[in-house]
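To start, the structure under review is shown below, and the notes come after it.
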Amino acid sequence: MNIEIDRNSGFCFGVVKAIEIAEKELKKSNSLYCLGDIVHNDAEVKRLKKKGLKTISHNEFKTLKNTKVLLRAHGEPPETYEIAKQNNIELIDASCPIVLNLQKKIDKAYHDFSSAEGQIVIFGKEGHAEVIGLLGHTGNRGIVISEEKDLDKIDFSKPINIFSQTTKSRNSYHNIIEKIKERMLKEVGNDEINFIINDSTCRAVSNRDVFLKDFAKIHDIIIFVSGRKSSNGKVLYEVCKNQNDRSYFVSETEELRKEWFKESDSVGICGATSTPTWLMKKVKNAIENL
Ligand code: SF4
């Protein structure tokens, strides 16, 4: 049996940077709070927990004073920075620079657009940490859409400025934009309303689906390794499944099933931007031992 780990899978640079910052801090103090899971991967969260990283919720964060808290790659709304200031919390900001840049753009668009009664639309997953952060930069007045039925929230007679959550697939973003144009035509009679489209999907994700398509095609069976909470994991797993019907999603080695494999199979192991390489290697060893 030939087993290959995809060279393009694994942590994106935003997550690598956040983990490096956490580990550097933990070396100094052996204990650090992190606001929310540092990465959507339970195995990696457990590894860092052993080193002293303690995940806290936003409610717990509000009760803390005079301490240090790490902000993960997803970014935070302005409110988090205000609470930290009031409670004398030192923030170790590991927000991904791409997300920070997007927050700045949304902030500017919101201020420019509000005088024109325009709407800031965010294509993303309601309640996702990154989306909460982005929404915070619209004074929580932005409109979050994730599927066609959510388009009813938009007033098509008013200007629209749309952004995407960084981890959304470029394809699904393109499709929803086309649906918006159709609704404009249908409801206003033309598509000349001021409709600003911002290409804000992250290339660390959008390029991966291109590489993954080929990777999934050249192997008989694909083992996709990811945490179940990872949005990007769900998107990339679908890419594999569409190319290779024998694609399986696992979070831990215990989920592997012997009956999935044949002796002559060529096996491809890949994962999300939040999947650690050490976990993919562990999966490879586990398959060899099945
Ligand atoms: S997926 Fe892109 S935007 Fe998100 S953390 Fe990784 S590098 Fe940053």
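Placing +1 on each Lys and Arg Cβ and -1 on each Asp and Glu Cβ, with no other charges, gives the stretch 13-94 a dipole about its Cα centre of roughly 440 debye. Scanning the chain for long hydrophobic helices, with DSSP H runs required to stretch 15 angstrom or more by C-alpha along their axis and to average at least -1.0 on the Kyte-Doolittle scale, returns 13-29, 97-114, 203-218, 231-243, 277-289. The slack in the chain from GLN86 to LYS158, taken as 0.36 nm per residue of separation less the alpha-carbon distance, amounts to 22.1 nm.
Remark: relative contact order (the chain) = 22 percent; criterion is Cα-Cα distance under 8 angstrom and separation of 6 or more residues. Using every pair of separate Cα atoms, the Kirkwood estimate puts the hydrodynamic radius of the stretch 113-158 at 11.1 angstrom. In square nanometres, what is one fourth of the surface area of the convex hull spanned by the alpha carbons of the stretch 230-279? The directionally averaged projection comes out at 3.9 nm². Each label point was placed 7 Å from the Cα along the Cα-to-Cβ direction; for ALA116 and GLU4 their separation is 4.8 nm. Over all Cα atoms in the stretch 13-94, the spread is summed up by Rg and Dmax: 11.8, 34 Å.
A quarter of the convex hull surface defined by the alpha-carbon atoms of the stretch 66-206 gives 8.5 nm² as the mean projection. Averaging 1/r across all pairs of distinct Cα atoms in the stretch 53-100 and inverting the result yields a Kirkwood radius of 11.0 Å.
Projecting the Cα positions of THR80, VAL16, SER29 onto the charge dipole of the stretch 13-94 (unit charges on Cβ atoms of Lys, Arg, Asp and Glu, taken about the Cα centre) puts SER29 furthest along the positive direction. Scaled to the globular estimate 2.2 N^0.38 Å, the Cα spread of the chain, given as radius of gyration, is 1.11. Relative to the 2.2 N^0.38 Å rule of thumb, the stretch 120-185 has a C-alpha radius of gyration ratio of 1.04. Could you work out the helix-only [θ] at 222 nm for the chain, with each DSSP H run of four or more residues adding -39,500 (n - 2.57) and the total divided by the number of residues, to the nearest 500 deg cm²/dmol? That calculation yields -14000 deg cm²/dmol at 222 nm.
Throughout, read-outs are computed from the coordinates displayed, never taken from laboratory work. All of these numbers come straight from a predicted model, not from anything done at the bench. Counting neighbours? That spans all protein chains shown, and the Cβs are built from the backbone with ideal geometry, glycine included.
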